[in-house]
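Working notes, beginning with the structure itself.
The values are calculated or read from the model by the stated rules, or taken from the named source; none is laboratory data. Remember, it's a predicted structure, so these values are computed and weren't measured experimentally. Here Cβ is always computed from backbone atoms with ideal geometry, including for glycine, and neighbour counts include all displayed protein chains. To get the accessible areas, we keep the full protein, side chains included, count just its heavy atoms, and leave off ligands, DNA and RNA. Shrake-Rupley method; radii C 1.70, N 1.55, O 1.52, S 1.80 Å.
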Amino acid sequence: MSSEKTLSDLFLDTLKDIYFAEKQILKALPKMARAAQSEEGKAGFLQHREETLGQIERLEQVFGLLEKPPRGKTCEAIQGILAEGEEIMEEYKGTSALDAGLIASAQAVEHYEIARYGTLKAWAKQLGLKEAVSLLDANLQEEIATDEKLTALGEATANPKGANKAK
Ligand SMILES: [Fe+2]
Ligand SMILES: [Fe+2]
């Protein structure tokens, strides 16, 4: 009955994990945009929401290459990261540190995605799934670019306002 699981199974399970995660992120980004105080922050979150739609489509193409229906698998890691973000929104509402907190939460999300896409891309390569490699790489590059924008945004705007300028 129980056959041994392979790297292909792991690839599909992890694909389902990030598919679930992207859909949760898609729902969270407009909330983060509403909460952000800076215009750049709002615009950045909304822009990444648009990118996320494209990423979900690419994931659906990867499912297609595997001839599997696109299906998510509950990812407790992203739920936890997003729950922390909501906590920040509530606890820092109306404070000068809010945007710094939002950017930090968003970066935790990006780092999770970067970890997942890096792994999936490597596995797709090992499994000889050439088209999947480029689709996953496209998502990976967008997450890396978003992470870099968040770093710049944090340094330029949110953090100085939120910091108790020491010195
Ligand atoms: Fe994403
Ligand atoms: Fe992202």
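For the range 50-72, indicate whether the set of residues that are of a type in the set (Ser, Thr, Tyr) and away from ligand 1 (no atom under 14 Å from the Cβ) is non-empty. Give the steps one after another, and end with the answer.
Taking the range 50-72 and keeping what is of a type in the set (Ser, Thr, Tyr), we get 52.
Subset that is away from ligand 1 (no atom under 14 Å from the Cβ): none.
Checked against the condition, which is being of a type in the set (Ser, Thr, Tyr) and away from ligand 1 (no atom under 14 Å from the Cβ), the range 50-72 yields no hits at all.
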Inset, instruction - Please verify whether the range 87-107 includes one or more residues that are touching a Phe, Trp or Tyr at 6+ places or on another chain (Cβ under 7 Å), free of Cβ contacts under 8 Å to residues at least 40 places away in the same chain and part of a loop (DSSP other than H, G, I, E, B). - result: no
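Take the range 1-39 and flag every residue that is under 12 Å from the mean Cα position of the chain (by Cα) and open to solvent by 60 Å² or more (accessible area, probe 1.4 Å). Step through it out loud before you land on a result.
We begin by selecting, within the range 1-39, every residue under 12 Å from the mean Cα position of the chain (by Cα); these are 17-29.
Selection gives Lys23, Lys27.
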Legend entry - Where Lys149 falls short, out of the listed (1) within 13 Å of ligand 2 (Cβ to nearest atom); (2) closer than 19 Å to Tyr19 by Cβ; (3) open to solvent by 30 Å² or more (accessible area, probe 1.4 Å); (4) in contact (Cβ under 8 Å) with a residue 60 or more places away in the chain: (2)
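Scan the range 117-134 for residues that are part of a helix (DSSP H, G or I), in contact with a Leu (Cβ under 8 Å, 6 or more places away or on another chain) and not polar (S, T, N, Q) and jot them down. Spell out how you get there, then give the answer.
Quick first cut of the range 117-134, residues part of a helix (DSSP H, G or I) only: 117-126, 130-134.
In the following step, the residues that additionally are in contact with a Leu (Cβ under 8 Å, 6 or more places away or on another chain) were identified as 117-118, 120-121, 123-124, 126, 131-132.
Answer for the range 117-134, where residues must be part of a helix (DSSP H, G or I), in contact with a Leu (Cβ under 8 Å, 6 or more places away or on another chain) and not polar (S, T, N, Q): Tyr117, Gly118, Leu120, Lys121, Trp123, Ala124, Glu131, Ala132.
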Inset, instruction - Among what's in the range 102-120 and is within 15 Å of ligand 2 (Cβ to nearest atom) and within 23 Å of Gly64 (Cα to Cα), pick the residue that is surrounded by the most Cβ atoms within 10 Å (Cβ to Cβ). - result: Leu120
